[in-house]
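Worksheet: one structure, shown below.
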Amino acid sequence: MLKLLQKLLTREKLLRRLGPVIGDFNPFLPEYTRDPYPTFKRFREEEPIFFSRVFGAHFVTRYDDCVEMLRSPKTSADRRDTFLFRAVRWFNRDEPEFSAFFERNLLMIEGQDHRRLRGLISKAFTPRRVEALRPRLEEVADGLLDKVAPASAMELISDFAYPFPLIAIAELLGVPREDHFQFRQWTAGLVQILDPLQGSEGAAPMRRATRDLFAYFRPLLAERRAEPRDDLLSAMLQAEDDGDQLDENDLLALCTLVLAAGHETTANLVGNAVVALLRHPEQRKRLVEDPGLLPTAVNEFLRFDSPIQFTDRAIAEDFELGGQHFRKGQFVGILLASANRDADQFENPDRLDVGRDPNPHLALSHGAHFCLGAQLARMETEIALGALLRRFPDFTGEPEAVAWRRSSLLRGPVAVPLNL
């Protein structure tokens with residue numbers, strides 16, 4: 001079934017013919033993937049809470065409504081008891097690794113269970129541990145740019161934006177350097193966990209990737225139990241709160257999630273940022289002249305073109321918002337990227353301003369499920385953009401010719417050729 005849906009979503013003519021059935025929100029058409037923001041603006045102004053026939057859910061588009069949905073006790077990240085996820089569980093009943101990841105990752109649990117796991121993980125995923133990676137990541141960024149310098153050209157995504165955060169995640173976890181290439185192969189399957197509709201081979205790549213990763217991490221965890229090191233795997237094994245520790249399924253699910261979410265979103269963020277700089281040369285000039293603006297610039301890139309366009313919640317209790325009644329068991333889509341362009345919250349929201357401060361964007365979510373890897377993602381992007389602008393401040397490219405990935409959830413360019 002999933003494979004058939006994936007195939008149908010590549011048929012542009014069919015999707016256009018189905019327009020009256022799909023409705024006004026059709027995020028699979030090329031004009032939407034090129035620039036979804038006019039669509040978001042129209043909905044914010046005309047129908048701020050709308051129903052999507054494609055997703056079978058209402059979507060909220062305005063900043064205040066998105067914040068309410070993310071923090072309300074009447075919504076839940078635990079979707080496991082909804083009809084859709086019960087179906088997913090049934091179709092994967094013979095896939096123990098995928099089922100374990102599905103049931104135990106932080107994106108799918110809520111309440112006390114979520115607080116317990118997140119608290120234990122936070123003991124390992126400390127700001128000090130992340131910041132300690134900075135010198136090594138600066139070295140990695142320069143090394144990747146050294147490889148392309150002789151040709152005075154590169155393809156940003158495959159040569160830089162994709163491998164850089166992958167190496168960062170592997171280094172943080174404590175994965176041996178000789179295995180980094182294997183991780184790059186696995187991420188292609190893992191990314192479909194975040195957006196299953198963008199693939200072409202059904203659920204097979206997701207299942208294969210979780211099987212392979214669980215098989216890879218099990219002996220590595222056993223090795224770290226016997227001989228701890230100064231890495232995230234060892235720290236997670238040692239994390240304890242009142243005698244409570246992470247069990248193996250929690251650890252394996254977390255390692256898989258860190259690799260899938262941490263790598264993919266940062267790669268897209270770097271790609272989106274560079275495209276934005278190509279389109280706004282005056283903002284690039286500001287960063288070249290004042291690298292101290294990089295931290296605020298990274299926040300602005302997150303707001304301006306969010307790598308995660310939306311998230312969702314299950315309704316845990318009937319309630320009303322903006323005149324719309326939400327019933328227990330329904331889904332609600334939360335358009336983070338739309339909230340980040342809301343003129344009621346941000347002055348000149350469609351203008352890129354690398355010095356924008358304050359910048360309370362929702363690109364990294366909000367509330368109890370605020371991105372656990374936010375510090376790492378920001379630091380990686382700051383290092384990557386800083387190295388690129390320092391080494392090749394006059395890089396050129398064709399931003400309007402960029403092809404965007406075919407995903408309604410994940411936003412990022414497929415390829416960005418650059419002359420250095």
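Read-outs: derived from the displayed coordinates by stated rules, not from any lab. Just so we're clear, the structure is a prediction, and the values are computed from it rather than from any experiment. Because the Cβ atoms are built from the backbone with ideal geometry, glycine has one as well, and the counts that use them run over all protein chains shown.
Computed values, structure above
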| read-out | value |
| --- | --- |
| In nm, spacing of pseudo-spin labels at GLU227 and GLU248 (7 Å Cα→C-beta vector) | 2.1 |
| Lysine pairs within the chain, Cα separation less than 26 Å, 8 or more sequence positions apart or different chains | 4 |
| Among PRO38, PRO399, PRO150, residue whose mean-square fluctuation peaks in a GNM of the chain (springs only between Cα atoms under 10 Å) | PRO150 |
| Electrostatic dipole magnitude of the chain [Cβ: Lys, Arg +1; Asp, Glu -1; Cα centre; debye, to 20] | 1100 |
| Within the chain, longest stretch free of exposed trypsin sites (Lys or Arg not before Pro) [DSSP loop, at most 10 other beta carbons within 10 Å] | 94-326 |
| Formal net charge of residues neighbouring GLY329 (Cβ-Cβ distance under 14 Å; K, R +1; D, E -1) | +2 |
| Whole-angstrom gap from segment 292-349 to segment 40-63, using each part's C-alpha centre | 11 |
| Extension gain (nm, one decimal) between TYR32 and SER122, 0.36 nm per residue minus Cα-Cα | 28.7 nm |
| Fluctuation leader among ASP159, ASP24, ASP244 - the chain, Gaussian network, Cα springs under 10 angstrom | ASP244 |
| Mean residue ellipticity (222 nm) of the chain, computed from DSSP H runs ≥ 4 via -39,500 (n - 2.57), nearest 500 | -16000 deg cm²/dmol |
| Overall Cα dimensions of segment 1-52 - principal axes, largest extent first, Å | 35, 22, 19 |
| Dimensions in Å of segment 173-234 - Rg and Dmax from alpha carbons | 13.6, 41 |
| Neighbour-limited loop hits for chymotrypsin sites (Phe, Trp or Tyr not before Pro), segment 341-397 (at most 16 other Cβ within 10 Å; DSSP other than H, G, I, E, B) | PHE370 |
| For the chain: relative contact order, % (alpha-carbon pairs under 8 angstrom, 6 or more apart) | 26 |
| Segment 277-354, relative contact order [Cα under 8 Å, separation at least 6], % | 35 |
